[in-house]
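The values are calculated or read from the model by the stated rules, or taken from the named source; none is laboratory data. Everything quoted here is computed from the prediction, not taken from an experiment. Note that we place each Cβ from the backbone using ideal geometry, even for glycine, and neighbour counts take in every protein chain shown.
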Amino acid sequence: MENFVVSARKYRPATFNTVVGQASITNTLKNAIKNHHLAQAFLFCGPRGVGKTTCARILAKTINCQSLTENTEACDKCESCKSFNSGQSLNVYELDAASNNSVDDIRNLVDQVRFAPQLGNYKVYIIDEVHMLSQAAFNAFLKTLEEPPKHAIFILATTEKHKIIPTILSRCQIFDFNRIQVEDIANHLAFIAKSENITADADALHIIAQKADGALRDACSIFDQIVSFAGNNLTYKAVIDNLNILDYDYYFKVTDALITENIPAALLLFNEILNNGFDGHNFITGLGEHLRNLLVCKDSSTLQLLEVSANIKDKYKEQSGKCPQLFLLKGLNIINRCDTQYKSSKNHRLQVELALMQLCSINTPDTEKKNDGIKVNDNSKGGSSQKVAVAADKTPVSTSSPATNKPAIETNNNRATSTATATVTAAISTSPKKPALKTSSPSINQFINQTKTETKKATAEANEAAPDYERPATAFSQEILENTWNLYAKEIQQKGKINLYSTLSFRKPLLKENFTIEFTIENKVQQEVLEQERLDLLSFLRKQLNNYSINLKTMINTVESERKPYTTGDKFKRMAEKNPAINKLKQVFDLDIDG
């Protein structure tokens, strides 16, 4: 039986030019070799499977090559290159620091450094997973790493750079390896498929590249796994079935349902996804990625951020034209909130379904446009619909603060007013008609006053129940704030809360940015009194000023607290400072101070 070699080893890069996705690092190393500017120590750091150890081996092979090419690459023909390719080179020493992390292991390494190479100019020591060395091993390695023999070069590789002590970092040239781009991984997999006579769809290779998360070694492993599953015909369907990945088509269908506000279709698609064995959390995160890709397609300059195949990219462009930008932004906010709340929720399915229903309702207006009247359907008589129009009041209920005539910014009050008016309209339409002679003027006034009272009550309840971003935030001045503050203080005085009234009346509140009110108090006793009434005070200010973004910040006047005595002991100290004889009198007669 023929021995199988995995693709990650069989197609491992052997020259700098074949390294995938690390052009800046390979070019720097080639220039250093060409200009004879090689450092005595290198540190290769970055995520797994991006080519750190591969570049270390290529560097070791290239600097010992006896006849470099014009492109500063190893010739693969000299004796040094042949011995390296066959794994018999004595100039390369590899150490796994994960299992050889003691001081004795480093001492053995240091003992070998003093021997010159038998063939070639350099002896290269590659230490993989160097962050696993112990603190004592690092310290034992410092001197040799700083001043090694001329023929010795150290290449350290690690995935966790932050675990290496600074004294090691300062002795090395540091190269940070980046995650490999999806397009580069897909192209390399296409090269492997062509070399192995495997037919592979471009969409399938892009899915594998995305699943690898920037690691080429992981991509090669997934590629071998899919080939074992599907044979020599690598299709998109085979990849998503084997890797348990949700098909792109589901996200396109769900998004179409969201755009058309088709809640039943969205919920049925989600149910189908769950029945296929997919997790709800993976679905909602994938939907967020889908909306992000649609947002990226809105501008040609950001189109390069879309890491999908050409076929899928065309679908994204087509659907992106149907999606308003505001819908995508609000949708991403809803999905992000669902993602963060998913784990803490006890009913995961309901959490996702609620997010889908909210997504379907993004474009639904809060209130219909106001016309000359409000139309109300009355089905109380024989199932017939009777349209009743009520003329709009010429003096609508004001939703601004008492001290200012500025209208409220938000539309919440309009919604509450419409609700109350519609209720009254329905009551008028369903009430039995009375003769005009029996209708007196006082009863009409009472009816109007009752209507206004109900409207104000509905407005207040709507403001309290609305989210923060829908509540009114009417601007007000410092003078209006002081008048409203004094009005609350007078109400407190009438209730007999003298201490709180004194606290509120002693100083003036100050209006700061973002509707923050700063109020200075004298001591902690006043602070405790004020904290007991904090919620009532805030509620009063918000309602009177029609601004639900108001916050109250209290501060203790520490300067005056230190200067003004309050207790008996503080008063005695103040008197003793002015007249030292008082302190002498206390000592002579052995007097005590109460408090």
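Details
- Test: residue in segment 16-25 that is surrounded by 13 or more Cβ atoms within 10 Å (Cβ to Cβ), touching a strand residue (DSSP E or B) at 6+ places or on another chain (Cβ under 8 Å) and modelled with pLDDT of 90 or more: yes
- Residue check, Lys237 surrounded by fewer than 19 Cβ atoms within 10 Å (Cβ to Cβ), without any contact (Cβ under 8 Å) to a residue 60 or more places away in the chain, of a type in the set (D, E, K, R) and not assigned by TED's automatic domain parsing to the domain that holds Ile284: yes
- Hits in segment 77-109 (condition: exposed (fewer than 15 other Cβ atoms within 10 Å of the Cβ) and among the aliphatic types (A, V, I, L, M)): Leu90, Ala98
- Every pair of residues 6+ apart whose Cβ atoms lie under 6 Å, when the first sits in segment 46-58 and is not assigned by TED's automatic domain parsing to the domain that holds His188 while the second is among the β-branched types (Val, Ile, Thr): Arg48/Thr159; Val50/Ile180; Gly51/Val19; Ala56/Ile126; Ala56/Ile155
- Of the residues Pro117, Pro149, the single one that is modelled with pLDDT of 85 or more and not hydrophobic (A, V, I, L, M, F, W, C) is Pro149.
- Where helices (runs of 4 or more DSSP H) fall entirely within segment 231-326, those with at least 3 residues that are under 22 Å from the mean Cα position of the chain (by Cα) and under 30 Å from Gln341 (Cβ atoms) are at 280-296.
- Of all positions in segment 125-146, none carries a residue that is touching a residue at least 40 places away in the same chain (Cβ under 8 Å), in a loop (DSSP other than H, G, I, E, B) and either among the small types (Gly, Ala, Ser) or under 22 Å from Ile33 (Cβ atoms) (or both).
- Some residue of segment 28-42 being assigned to a helix (DSSP H, G or I), surrounded by fewer than 16 Cβ atoms within 10 Å (Cβ to Cβ) and not polar (S, T, N, Q): yes
- Of all the numbered requirements in (1) closer than 22 Å to Glu289 by Cα; (2) polar (S, T, N, Q); (3) surrounded by 15 or more Cβ atoms within 10 Å (Cβ to Cβ); (4) modelled with pLDDT under 90, Gln181 misses one, and that requirement is (3).
- Residue that is farthest from Ile492 (Cα to Cα) [pool: residues in segment 513-560 that are assigned to a helix (DSSP H, G or I) and of a type in the set (Lys, Arg)]: Lys524
- Criterion: over 18 Å from Ile312 (Cα atoms), free of Cβ contacts under 8 Å to residues at least 24 places away in the same chain and among the charged types (D, E, K, R) - qualifying residue of Glu272, Glu261: Glu272
- Tallying residues that are surrounded by fewer than 20 Cβ atoms within 10 Å (Cβ to Cβ) and either assigned by TED's automatic domain parsing to the domain that holds Gln304 or in a helix (DSSP H, G or I) (or both) within segment 205-216 yields 2.
- Failed condition for Asp76, given (1) at pLDDT below 90; (2) within 30 Å of Lys211 (Cα to Cα): (2)
- Qualifying residue in segment 196-204 (condition: in contact with a His (Cβ under 9 Å, 6 or more places away or on another chain), part of a helix (DSSP H, G or I) and more than 24 Å from Lys322 (Cβ to Cβ)): no
- Just one of the numbered conditions (1) touching a residue at least 40 places away in the same chain (Cβ under 8 Å); (2) of a type in the set (A, V, I, L, M); (3) farther than 27 Å from Phe141 by Cα is not true of Val5: (1).
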